[in-house]
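Structure record follows, encoded as structure tokens.
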Amino acid sequence: MALRRAETARVELAGQWHSYRLERSDRRRTLALQIDAEGLRVLAPARLPQAKVEQVLRERAGWIARKLAERIQVPATCWQDGLMLACLGEPLQLELQASRNRIVRDGNRLLAPQLDAEALQRRVANWYRQEARQHVLLRFAQFRPLLTRMPTEIRLTSARGRWGSCTAAGVVRINWRLMLATTAELDYVLAHELAHLRHLDHSAAFWQEVSRLLPDYAVARDRLRREGHTYQRIFL
């Protein structure tokens, strides 16, 4: 069983103190930085010295500051008639109708009942989850002939700041919020997690497997890194 531990730490970057969540795992071989709804998250190997962690944070200080600023500047979603959403790269405008009791998509319109903002957000989120249940399996079908090991199960997740995961037992989880992204971004996350069926790390061999499953993955990965915070903040 992998050993994991998490703690909250602070570091001074460019004259400002920042708190971050440090998560260590004995399975991890490289250090990774993530910006999610709660701020900076650092994923590190169990035995990596704290001084090395802070060195990397200082080297990436500009990127961290920029990403934190982007997260703060994204306005809260205003759940009302006319709200512009998206579904797999296509624009989707919310249209409220007093006579309607369920959510239905009609082309580039998402027809929904007139509800208060909290109830409306909940109903629309449920609609995206239902769409994700079907679409993730459809996108998985294109990778199936390429796999040397099949996942034992594919599930949806609502994890903040994490687009997917794969366990040693072969359970793959995909974040339903990727329905707000493009199909290419969803495919990248699927390929990423399916590659973990062979390599439960981020070694060179792992990235070779991602490239084998999805040769042009880098474009979608970069877009997800740029835009992912907006997909996460639609539903708070």
Considering only residues of the range 26-39 that are outside any loop (DSSP other than H, G, I, E, B) and modelled with pLDDT of 90 or more, which is farthest from T8 (Cα to Cα)? A32
Find the residue count for the range 149-178, including only residues that are charged (D, E, K, R) and within 17 Å of E23 (Cα to Cα). 2
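Here's the yes/no breakdown for (1) in contact (Cβ under 8 Å) with a residue 24 or more places away in the chain; (2) out of contact with any Asp or Glu (no Cβ under 8 Å at 6 or more places or on another chain):
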residue: W17; (1), (2): no, yes
residue: P45; (1), (2): no, no
residue: V53; (1), (2): yes, yes
residue: T77; (1), (2): yes, yes
Residues of the range 191-206 classified as more than 18 Å from the chain's Cα centre (by Cα) and not in a loop (DSSP other than H, G, I, E, B), total: 3
Report yes if V219 is at pLDDT 90 or above, β-branched (V, I, T), surrounded by fewer than 21 Cβ atoms within 10 Å (Cβ to Cβ) and assigned to a helix (DSSP H, G or I), otherwise no. yes
Being of a type in the set (D, E) and within 20 Å of R173 (Cβ to Cβ), is that true of even one residue in the range 92-104? no
Condition test on A119, is it buried (at least 16 other Cβ atoms within 10 Å of the Cβ) and either among the charged types (D, E, K, R) or free of Cβ contacts under 8 Å to residues at least 24 places away in the same chain (or both)? no
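The values are calculated or read from the model by the stated rules, or taken from the named source; none is laboratory data. Computed from a prediction, not measured in an experiment: that's the story for all the values here. Note that we place each Cβ from the backbone using ideal geometry, even for glycine, and neighbour counts take in every protein chain shown.
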